[in-house]
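K.L.:
Here it is: the structure, laid out below.
The values are calculated or read from the model by the stated rules, or taken from the named source; none is laboratory data. In this text, all values refer to a predicted model and were calculated from it rather than measured experimentally. Every residue, glycine among them, receives a Cβ derived from its backbone with ideal geometry; neighbour counts consider all protein chains shown.
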Amino acid sequence: MLELFGVSEENWREGASTAPHFLASQSPSSIGGEMILLVLDPEVSRFSGKSLSTWALSDAYGYTDADGTRPHWGNHYKEHAEGGNEQR
């Protein structure tokens, strides 16, 4: 994704200059933090057989991104993109 938007981990938010919805995503380090919590979860079996999104993991674990935000693409999509309320 970073390469697609011509940004790096340090300046990833600049990707919004070409795609405003890009800001609804989490930082590149976020998924790593969420995966660590998943791996260390003694009750991880509750997720067995499920597909998980990063925002679902963030909700489940109360994970906050490196910049202090809690991005939630699912909510962002429902509010802004679903049903054609905004340009995609």
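K.L.:
For the range 3-17, what are the residues that are loosely packed, with under 13 Cβ neighbours inside 10 Å and assigned to a helix (DSSP H, G or I)?
P.N.:
Across the range 3-17, the qualifying residues are Glu3, Leu4, Ser17.
K.L.:
For the range 18-60, name all the residues that are loosely packed, with under 12 Cβ neighbours inside 10 Å and assigned to a helix (DSSP H, G or I).
P.N.:
Gly32, Val39, Leu40, Val44, Ser45, Arg46
K.L.:
Is it the case that the range 80-87 has a residue that's of a type in the set (A, V, I, L, M, F, W, C) and assigned to a helix (DSSP H, G or I)?
P.N.:
The answer is yes; a qualifying residue exists.
K.L.:
(1) under 13 Å from the mean Cα position of the chain (by Cα); (2) of a type outside the set (Gly, Ala, Ser); (3) more than 18 Å from Tyr77 (Cβ to Cβ): which one isn't true of Phe22, the others all being true?
P.N.:
The single condition Phe22 does not satisfy is (3).
K.L.:
Right, here's the next one. Scan the range 25-41 residue by residue and report those that are aliphatic (A, V, I, L, M) and within 10 Å of the chain's Cα centre (by Cα).
P.N.:
Ile31
K.L.:
Could you say whether any residue in the range 16-28 is hydroxyl-bearing (Ser, Thr, Tyr) and farther than 24 Å from Ala81 by Cβ?
P.N.:
There is no residue in the range 16-28 that is hydroxyl-bearing (Ser, Thr, Tyr) and farther than 24 Å from Ala81 by Cβ.
K.L.:
Among the candidates Ser58, Ser51, which residue alone is over 14 Å from the mean Cα position of the chain (by Cα) and at pLDDT 85 or above?
P.N.:
Within the list Ser58, Ser51, the selection yields Ser51.
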